[in-house]
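Below you'll find the structure, written out as structure tokens, and then a few comments.
The values are calculated or read from the model by the stated rules, or taken from the named source; none is laboratory data. A quick note: this is a predicted structure, and the numbers were derived from the prediction, not measured. Quick reminder, even Gly has a Cβ in these numbers, built from the backbone with ideal geometry, and neighbours come from all protein chains shown.
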Amino acid sequence: MPRILTIPKKEPYPSAMRVAKAMHLAGGRALIVGGGVRNALLHITSPDIDMEVHGLSPGTVERVARKLGRVNAVGKSFGVFKLTLSNGTTLDISLPRKDSKVAPGHRGFRVHTDQSLTLAQAAKRRDFTINAIAWDPLNGEILDPWGGESDLRARRLRVTDPETFADDPLRVLRAVQMIGRFGLRADPETQRILKKTARSLHELPRERRQEEWKKLFLKSTRPSLGLRAANTFGVLRWTQGLAAIDRAAHTAHAEDWSEHERWIVLLAVATIFYPKALEIFGIDSVVKSTVERIVNARNAALKTDGDLRRIACTLSPATVAQWLRAQQAQHPRSSASHKRLRTRAKALDILDKPPKDIISGKDLLALGFPSGPMLGRIIALANRLRDDHNATRHDILKLIHDAKNPPSAIKRMEDLLSQRP
């Protein structure tokens, strides 16, 4: 008796039903495949849906899809069409295909679409059995030629095709992030294959590596599971600070941090304990620079409001809020101190941004000073007087006014700063 699963009412599943009906009327069968099925079985809503159409030619699939919405055919040569419906839902629609490794590197594949492939043959190209399950949205039938559902129930990660798995080393990182997200354990044969395939991770471009690590850190409340697996597979050598990573991930989910906030803070915590993390994860230069500012400030001593303003400037584009969250994950027993710092930063309006200048160029122009680079120098010195000497805006503007001109103002301010506060 076929296994039946009720189609969820929440998007994008109803849109997949619409596509399936249209393909059925044209004589084909459109199945939901990949992560959308796995997630439904785990009662997790998928933001994206992949569908595979059997029994129709590529031309017919494209023609039917165009009647449903806007089609991006950029992946047509790989047998993939991206369909955007009128409600804004986007689905990837593919044809049954085989992938052949013809050259080294992540681009060294040749894709063959073949409508004669059975469901089992088409699903064999998928990395793990839990991703090789298909689902017919028209009748709810689960089609599971490789035993993925039983593996999922047992929280077991098993390679679908041992002979071709190593063709794409990215699959090692996919294993890492799925273990961390779903609490899986790789079976012995899969572990052996993953360890062997991990030796080829150097073939992958930075962008592909970063995307898989991002899924681990953003979608798991226990990233340590994936990190321990990465240790087992030889991807990295890291055992310290894993509890801190999990604390940060748990807090991120509990407090509903933004994706950017989670990414920056968890990377900062990871880098504090494992300095090679940013390099191994393939992190881009912009994110790397932001994270490094948090890491470099981890031992900052903050005793005064001036100290807090200075650290806010040093951290930017990272924020005091992100820095405090990384500190909290690293030193959970200091939560009372972190709470006090957060309250002070919020009162100073620097929790999520650097402090405003205490004076502006307009103030200096109003005093009759000519525009030019010296004004920027005066503003920077004014901020230092505020932070180091607790000087008020009124005091600073009076000092500048009495100085009469920019060089004299700069001299007076530097002399004052050279004195102990």
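Quick notes on this structure:
- Residue within the stretch 315-325 that is buried (at least 16 other Cβ atoms within 10 Å of the Cβ) and modelled with pLDDT under 95 present: no
- Among the residues making up the stretch 351-368, those that are under 14 Å from HIS401 (Cα atoms) and surrounded by 14 or more Cβ atoms within 10 Å (Cβ to Cβ) are ILE359, GLY361, ASP363, LEU364, LEU367.
- Options SER258, SER220; residue that is surrounded by 16 or more Cβ atoms within 10 Å (Cβ to Cβ) and under 26 Å from SER334 (Cβ atoms): SER220
- VAL235 meets all of the listed conditions (1) in a helix (DSSP H, G or I); (2) more than 16 Å from the chain's Cα centre (by Cα); (3) under 22 Å from ILE272 (Cα atoms) but one, namely (1).
- Look at (1) within 18 Å of the chain's Cα centre (by Cα); (2) among the hydrophobic types (A, V, I, L, M, F, W, C); (3) surrounded by 19 or more Cβ atoms within 10 Å (Cβ to Cβ) and you find that ILE280 fails only one, number (3).
- Test for LEU184: is it touching a strand residue (DSSP E or B) at 6+ places or on another chain (Cβ under 7 Å) and buried (at least 22 other Cβ atoms within 10 Å of the Cβ): yes
- Subset of the stretch 125-160 (residues that are of a type in the set (A, V, I, L, M) and without any contact (Cβ under 8 Å) to a residue 12 or more places away in the chain): ALA154
- In the stretch 277-297 there is no residue that is outside any helix (DSSP H, G or I), in contact with an Asp or Glu (Cβ under 8 Å, 6 or more places away or on another chain) and over 23 Å from HIS202 (Cα atoms).
- Inter-residue pairs, beta-carbon under 6 Å, first in the same structural domain as THR221 (by TED's automatic domain parsing) and acidic (Asp, Glu) and in the stretch 251-273, second surrounded by 16 or more Cβ atoms within 10 Å (Cβ to Cβ) and in a helix (DSSP H, G or I), 6+ apart: GLU259/LEU218
- Among the criteria (1) in contact with a Lys or Arg (Cβ under 9 Å, 6 or more places away or on another chain); (2) under 23 Å from ALA312 (Cβ atoms); (3) surrounded by fewer than 12 Cβ atoms within 10 Å (Cβ to Cβ), the one GLN328 does not fulfil is (3).
- Restricting the stretch 197-210 to residues that are surrounded by fewer than 15 Cβ atoms within 10 Å (Cβ to Cβ) and part of a helix (DSSP H, G or I), the residue that is nearest to the chain's Cα centre (by Cα): GLU207
- Long-range neighbours under 9 Å by Cβ, at least six apart or interchain, first residue within 18 Å of GLY34 (Cβ to Cβ) and in the same structural domain as GLU52 (by TED's automatic domain parsing) within the stretch 112-124, second among the small types (Gly, Ala, Ser) and modelled with pLDDT of 90 or more: THR113/SER94; LEU119/ALA134; ALA120/ALA132; ALA122/ALA134; ALA123/ALA132; ALA123/ALA134; ALA123/GLY148; LYS124/ALA132
- Filter pass, LEU25 being among the hydrophobic types (A, V, I, L, M, F, W, C), at pLDDT 95 or above and loosely packed, with under 15 Cβ neighbours inside 10 Å: yes
- Residue check for ASP352: touching a Ser or Thr at 6+ places or on another chain (Cβ under 7 Å), outside the structural domain of HIS260 (by TED's automatic domain parsing) and either assigned to a loop (DSSP other than H, G, I, E, B) or over 28 Å from PRO275 (Cβ atoms) (or both): yes
- In the stretch 122-168, residue surrounded by the fewest Cβ atoms within 10 Å (Cβ to Cβ) [restricted to those that are over 19 Å from HIS112 (Cβ atoms) and among the hydroxyl-bearing types (Ser, Thr, Tyr)]: SER150
So that you can scan it fast, the table gives a plain yes or no per residue for (1) at negative phi; (2) at pLDDT 95 or above:
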residue	(1), (2)
ASN390	no, no
HIS394	yes, yes
ASN405	yes, no
SER408	yes, yes
SER418	yes, no
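- Under the condition of being surrounded by 15 or more Cβ atoms within 10 Å (Cβ to Cβ) and either of a type outside the set (Asp, Glu) or touching a His at 6+ places or on another chain (Cβ under 9 Å) (or both), the residues counted in the stretch 59-75 number 7.
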